[in-house]
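Visitor: Shown below is the structure under consideration.
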Amino acid sequence: MKSRLSLILLILGIIGIFVFLSLVSILKHPDTIVVNYPQWHLPEGVKARIGNGKITKIVYSPDGKLLAGISSIGVWLYDVYTGTPQTLLTGHSDKINDVTFSPDGKDLASTSEDGSIRLWEVSTGKHKRTFIGGSFGYNSVSFSMDGKILISAGLLELNSWNIAMGVSIQTFEGQFSTSIRGNSFNPDATMYAGVGKENSVVLWDVGTGKTKQTFKGHKEKIWKILFSPDGRTLASQEFGNVVYLWDVATGKHINTITGKEKSISSISFSPDSKILAIANKDKTINFWGTDTGELIQSIKVRKLYLSSLVFSPDGKTLAGVGRNNFLEHSIQMWDVSTGKKKKTTIEHSITPSSMAFSPDGRSLITGSEDGRIILWNSDTGDYVQAYKRHKSNVRSIAYSPDGRTAASVSMDKKVQLWDTATGKKKKTLQAHESSISSMSYSPDGKTLACAGTAIRLWDIATGKKLKILQANMGHTTKVVFSPDGRILASLDRKKDELGTIRLWNISNDRHRQILTKKGIGVIFRCLNFSPDGKTLVTGGGLKNGAIEFWDVNTGNHKMSISLEKAVFDISFSSDGSLLASVGLDNHIHLWNVESGKLMKTLIGDSVYIDRVEFSPDGNTLATKGLSNTILLWDLKSIMK
């Protein structure tokens with residue numbers, strides 16, 4: 001009996017030790033835990049999305065059970081207690097500026113710079129109605145106390161809408177704010193506060209459209225305006241470290257709260273209006289008494305820069321959205337009475353900055369602004385593996401031609417070589433004097449070209465520097481080898497210049513050609529060789545865009561494609577028949593290379609898109625944009 005008990009205790013002890021070591025490993029290597037993202041409301045033609053967008057603002061539901069978060073791809077609804085996403089609300093075609101729940105919590109309204117207000121049913125996530133109005137977009141939206149009317153405000157319009165009938169009741173035109181940021185309705189939506197001229201706060205009557213009060217006293221630009229929940233106090237935050245408190249009824253200045261220099265990032269009133277919570281850039285949240293202007297409590301938030309704060313309806317919890325020193329975006333919560341952080345944390349973004357397909361097309365590797373390197377399944381968007389992070393933004397990442405090694409560079413001026421099978425670091429190349437903008441493997445995988453203030457060529461096997469290409473070039477932003485490895489194309493730009501495209505003979509380190517054409521007055525931003533190596537394509541522009549085709553052998557200009565928006569990146573399909581271009585909008589253009597004709601236009605979920613790449617097998621197109629997401633497009637279905 002004793003021996004059996006001893007055996008059981010021994011087994012339990014071994015299990016305990018294993019669990020403990022596993023927890024230690026997780027704590028030491030948090031990158032090993034990555035949540036696969038919900039694949040809801042994907043744009044047409046997209047088979048998977050990596051990431052869930054950068055979140056900017058959060059709002060509690062009236063019952064405190066849900067958090068609505070404005071993100072770069074839509075409005076997320078989260079369960080407050082578990083942190084799990086409930087639904088994603090999409091449909092706006094531009095940046096979302098505000099979101100609010102109806103008084104009974106059954107509906108949610110969102111407003112955008114696209115000039116629309118969208119009404120949603122919270123329980124189902126279904127879109128109920130769209131109200132079209134302001135040509136300059138809407139900054140703020142609110143429900144009337146009975147929930148029957150929506151009131152919206154933009155720079156030049158103040159509107160009231162009958163929700164049941166879906167029609168406008170009244171519209172007042174005029175300059176209701178000089179800023180798109182931080183304007184506010186009072187709790188019963190009878191007044192609207194906007195930023196006026198000469199750093200003033202102007203209070204408008206929603207029913208008449210006339211000015212009720214003007215508050216003056218700010219010396220700097222106003223960042224945010226906020227009514228207290230009881231409607232008696234107005235807080236106005238300067239761009240810096242000062243918050244003014246005003247008496248709404250009399251217009252008199254009540255108190256001034258001053259923080260550290262240029263330190264305030266967000267403000268929020270407690271439900272009883274007695275406390276103003278202020279998030280500071282020094283990673284603290286301070287609670288101030290609104291009557292006395294005195295500091296009540298301070299919470300340390302552990303290296304988190306907060307861009308939005310909100311109290312729960314019962315006043316017991318404070319939620320904040322922001323990023324830490326690694327630029328990881330999350331929603332976190334604190335107990336107001338104790339100042340302690342609650343367990344629920346909602347991770348929200350991978351902030352991708354670079355990406356590359358594996359040679360077999362099955363995997364996509366990404367580098368992020370927070371220094372993380374993550375491997376994903378390119379068909380499903382599922383997480384596969386994480387590598388040890390860089391200390392700063394991963395600016396460029398590339399696979400070796402055999403797929404066994406991945407190279408990454410960051411702002412730390414180092415090149416890291418990784419074993420793609422194990423995720424372990426193989427080698428570090430660290431002789432660069434400036435940050436590296438771009439990399440390219442030679443087709444035989446023996447040489448790596450890295451671009452910065454100069455172009456350096458590295459021997460992969462030995463880790464030694466082979467040569468430096470210099471020509472008083474300024475900063476080189478892009479390099480790419482020709483398919484035969486004999487030529488290296490580079491794009492460099494000096495200050496106030498359009499940029500220069502150079503072709504280098506690798507054998508003798510000299511310029512082969514500098515590509516120019518009289519009449520081309522666009523800024524060069526990207527370049528790529530055709531798969532046969534006979535054509536070099538460049539893209540660019542400032543407002544309007546252009547794609548230029550060049551003969552590599554002669555340097556002659558062959559063809560131009562004009563676009564309404566600047567071009568940020570281009571990519572050839574593996575067979576060379578298609579060219580994809582992306583730029584200063586949410587469109588992905590697919591062009592016939594031989595004729596220059598537009599074949600397809602895909603609509604993404606970003607305000608603009610800065611990276612595009614065909615998979616080597618031709619099945620997938622990956623795009624990355626301002627939304628902090630990567631979209632994987634199903635080319636087989638798109639090109640049917």
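The values are calculated or read from the model by the stated rules, or taken from the named source; none is laboratory data. Everything numeric here is computed off the predicted structure, so don't read it as measured data. Don't worry about glycine lacking a Cβ; one is built from the backbone with ideal geometry, like all the others, and counts go over all protein chains shown. Accessible surface is based on the protein model in full, side chains and every heavy atom, while ligands, DNA and RNA are left aside. Shrake-Rupley method; radii C 1.70, N 1.55, O 1.52, S 1.80 Å.
Visitor: Among all residue pairs at least 6 apart or on different chains, which show Cβ distances below 7 Å where the first residue, located in segment 425-442, is farther than 14 Å from His390 by Cα and the second is among the small types (Gly, Ala, Ser) and at pLDDT below 90?
Guide: His432/Gly452; Ser434/Gly452; Ser437/Ala451; Ser437/Gly452; Ser438/Ala451
Visitor: Would you check which residues across segment 211-232 are without any contact (Cβ under 8 Å) to a residue 60 or more places away in the chain, closer than 21 Å to Ala277 by Cβ, touching a Leu at 6+ places or on another chain (Cβ under 9 Å) and not aromatic (Phe, Trp, Tyr) and list them?
Guide: Ile225, Leu226
Visitor: Name the residue, out of Ala406, Ala398, Ala421, Ala454, that is open to solvent by 30 Å² or more (accessible area, probe 1.4 Å) and not charged (D, E, K, R).
Guide: Sole residue among the options that is open to solvent by 30 Å² or more (accessible area, probe 1.4 Å) and not charged (D, E, K, R): Ala421.
Visitor: Tell me whether segment 38-47 contains one or more residues that are modelled with pLDDT of 90 or more, more than 17 Å from the chain's Cα centre (by Cα), open to solvent by less than 40 Å² (accessible area, probe 1.4 Å) and closer than 22 Å to Pro271 by Cα.
Guide: No - not one qualifying residue is present in segment 38-47.
Visitor: Could you check Leu429 against (1) within 17 Å of Thr447 (Cβ to Cβ); (2) in contact with a Ser or Thr (Cβ under 9 Å, 6 or more places away or on another chain) and say which number it fails?
Guide: Only one criterion in (1) within 17 Å of Thr447 (Cβ to Cβ); (2) in contact with a Ser or Thr (Cβ under 9 Å, 6 or more places away or on another chain) is unmet by Leu429, namely (2).
Visitor: Out of Ile285, Ile346, Ile373, Ile299, which single residue is out of contact with any Leu (no Cβ under 9 Å at 6 or more places or on another chain) and aliphatic (A, V, I, L, M)? Explain how you work it out, then say what you get.
Guide: On the way: Ile285 fails: out of contact with any Leu (no Cβ under 9 Å at 6 or more places or on another chain); Ile346 fails: out of contact with any Leu (no Cβ under 9 Å at 6 or more places or on another chain); Ile299 fails: out of contact with any Leu (no Cβ under 9 Å at 6 or more places or on another chain).
Of the residues listed, the single one that is out of contact with any Leu (no Cβ under 9 Å at 6 or more places or on another chain) and aliphatic (A, V, I, L, M) is Ile373.
Visitor: OK, next. Go through Lys464, Lys495 for me and flag whichever is under 19 Å from Ser400 (Cα atoms), surrounded by fewer than 21 Cβ atoms within 10 Å (Cβ to Cβ) and at pLDDT below 90. Full working, then the answer.
Guide: Working: Lys495 fails: under 19 Å from Ser400 (Cα atoms).
Residue meeting the stated conditions: Lys464.
Visitor: Name the single residue that is surrounded by the most Cβ atoms within 10 Å (Cβ to Cβ) among those in segment 534-557 being touching a Phe, Trp or Tyr at 6+ places or on another chain (Cβ under 7 Å) and within 19 Å of Met599 (Cβ to Cβ).
Guide: Selected residue: Val537.
Visitor: Any residue in segment 281-306 that's under 14 Å from Val243 (Cα atoms): show its pairings with residues that are assigned to a loop (DSSP other than H, G, I, E, B) and of a type in the set (Asp, Glu) at Cβ separation under 8 Å, as long as the two are six or more apart or on different chains.
Guide: Hits for this filter: Trp288/Glu294.
Visitor: Taking only segment 439-492 into account, find how many residues are in a strand (DSSP E or B), β-branched (Val, Ile, Thr) and farther than 22 Å from Ala356 by Cα.
Guide: Result for segment 439-492: 1.
Visitor: Pick out, from segment 565-640, the strands (runs of 3 or more DSSP E) lying fully within it that include 3 or more residues that are over 23 Å from Ile397 (Cβ atoms) and open to solvent by 10 Å² or more (accessible area, probe 1.4 Å).
Guide: Those strands (runs of 3 or more DSSP E) span 587-592, 598-603.
Visitor: Among the numbered criteria (1) within 30 Å of Asn619 (Cβ to Cβ); (2) of a type in the set (Ser, Thr, Tyr); (3) at pLDDT 90 or above, which single criterion is violated by Ser368?
Guide: Against the list (1) within 30 Å of Asn619 (Cβ to Cβ); (2) of a type in the set (Ser, Thr, Tyr); (3) at pLDDT 90 or above, Ser368 comes up short only on (3).
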